[in-house]
Amino acid sequence: MTVTERPDAERSSDAENETSCWLAISRVPHIGPVRIERLLARFGSLASAWSAPQEELRATLEPKPLAELLAARSRIDPVSELDRIARLGIRIIHPGHSSYPKLLAEISGRPSILYVRGELLPTDDASVAIVGTRRATPYGRQSAERIAGELARAGVTVISGLARGVDAAAHRAALGAGGRTIAVLGSGLDVIYPPEHRGLAEQILESGAVISEFAPGTKPDAQNFPARNRIISGMTLGTVVIEAPLRSGALITATFAADQGREVFVIPGSIFAQSSEGTNALLRDGARIARNGADLLEDLGLGVGTNSAATQGRLPLEEDERRLYDALGKEARHIDEVAEEAGLTAGAASALLLTMELKGLIRNHGAQYYVLR
């Protein structure tokens, strides 16, 4: 062993100590993601911040959160608290942890910690959220089952909220297709809601995970669910809304998805159905129609056929087309910005972008904004 190497047991102990301090600090009132980032920038780790002298903490925290942290240090033993959680069969992960969802780590206001039962895998980065009303019609349930099953068979992880109606249909269809699914709760992991879905939650653990940002014992209070919804959208490449009235948690999830820069898809419904008023409003506001899993795979670049981004990137391109292609990415860009970067006039760029769209290389995002397929 060289002098720079450390025993695995020592590294594991350090990681556990850091996780225990994330757990302890996440429970301190007035210390959320922004102040945690400040502590990390100042001390390098939360383990160092937890044991830092008061004078050094005062340079990073305002008086009230500082007082709360000092009070917490006198009453909380981080390692003992982590052990208590582990005895419940629950793991803790935090940003920077190898299992923390990569897409979720990118969003503003990401959870400081997640409580996890089951396994989160790197392949879960290819995931889609399916959400909708708890009072799903037969059409809504059938739509959720079809799309979740098709996505699961394509190797895409289906994420939803374990609620009645659309959520439950999506979870069950993903499991029935032999795929992975993850349920995000608005309660502690030991308080499954609704209670009749305890069996479904146990099934999910066999091929996925059940997660929450809420501590064990937390009840499913109404105010928890909007916060839960930002995790559902934040973990995924896109959110599919299937049946949602105008006042619906599914619409909150769609709003989060749009704010996070993720795609929003809608299964169109009857203009006469109250359960489709919200989804049809999303369509009017610019959400994308999805008819089946294939539409989602293509639009999100998850397919393996000729429409996948990797295949299209190998198509022969003229020099000017290649410059335009290289100037585009996953974020939509205006034609003027793309043309300038490619060294072309707006007129020349417009004609070439139309040709590239017909080739299936790019997508017109509307209002002269373009993005790679």
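Annotations for the structure displayed:
- Pairs meeting the criteria (first residue in the range 134-145 and β-branched (Val, Ile, Thr), second residue assigned to a helix (DSSP H, G or I), beta carbons under 8 Å, at least 6 apart or on different chains) are Thr137/Ser275.
- When Ala294, Ala281, Ala290 are checked against the criterion of being over 22 Å from the mean Cα position of the chain (by Cα), among the aliphatic types (A, V, I, L, M) and modelled with pLDDT of 85 or more, Ala281 stands alone in meeting it.
- Conditions (1) closer than 19 Å to Leu296 by Cα; (2) under 13 Å from the mean Cα position of the chain (by Cα): number failed by Ser143: (2)
- Members of the range 215-236 that are buried (at least 21 other Cβ atoms within 10 Å of the Cβ), in a loop (DSSP other than H, G, I, E, B) and not polar (S, T, N, Q): Met235
- Qualifying residue in the range 63-72 (condition: of a type in the set (D, E, K, R) and modelled with pLDDT of 95 or more): yes
- With respect to (1) crowded, with 24+ Cβ neighbours inside 10 Å; (2) part of a helix (DSSP H, G or I); (3) among the hydrophobic types (A, V, I, L, M, F, W, C), the lone exception for Ala258 is condition (1).
- Inspection of the range 100-116 identifies at least one residue that is touching a Lys or Arg at 6+ places or on another chain (Cβ under 6 Å) and under 24 Å from Arg35 (Cβ atoms).
- Residue within the range 106-125 that is among the small types (Gly, Ala, Ser), in contact with a strand residue (DSSP E or B) (Cβ under 8 Å, 6 or more places away or on another chain), within 18 Å of Ile242 (Cβ to Cβ) and buried (at least 17 other Cβ atoms within 10 Å of the Cβ) present: no
- Residue in the range 136-145 that is touching a His at 6+ places or on another chain (Cβ under 8 Å) and surrounded by fewer than 21 Cβ atoms within 10 Å (Cβ to Cβ) present: no
- Pairs where the first residue, in the range 340-365, is at positive phi and the second is assigned to a helix (DSSP H, G or I) and of a type outside the set (Gly, Ala, Ser), C-beta under 8 Å, 6+ apart: Gly343/Arg323; Gly360/Gln312
- Which listed residue, of Ala67, Ala47, Ala71, is within 27 Å of the chain's Cα centre (by Cα) and part of a helix (DSSP H, G or I): Ala47
Table: residues versus (1) touching an Asp or Glu at 6+ places or on another chain (Cβ under 8 Å); (2) small (Gly, Ala, Ser); (3) over 23 Å from Ile362 (Cα atoms).
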| site | (1), (2), (3) |
| --- | --- |
| Pro245 | yes, no, yes |
| Ala254 | no, yes, yes |
| Asp259 | no, no, no |
| Phe265 | yes, no, no |
| Ser270 | no, yes, yes |
| Ser275 | yes, yes, yes |
| Gly286 | no, yes, no |
| Ala294 | yes, yes, no |
| Asp299 | yes, no, no |
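- Residue satisfying all of: in the range 98-119; in a loop (DSSP other than H, G, I, E, B) and either assigned by TED's automatic domain parsing to the domain that holds Gly32 or more than 26 Å from Ala258 (Cα to Cα) (or both); modelled with the lowest pLDDT among these: Ser98
- Test: residue in the range 188-206 that is within 20 Å of the chain's Cα centre (by Cα) and farther than 20 Å from Pro101 by Cα: no
The values are calculated or read from the model by the stated rules, or taken from the named source; none is laboratory data. Fair warning: this is a prediction, and the values are worked out from it, not measured in the lab. Glycine also receives a Cβ, built like all others from the backbone with ideal geometry; neighbour counts cover every protein chain displayed.
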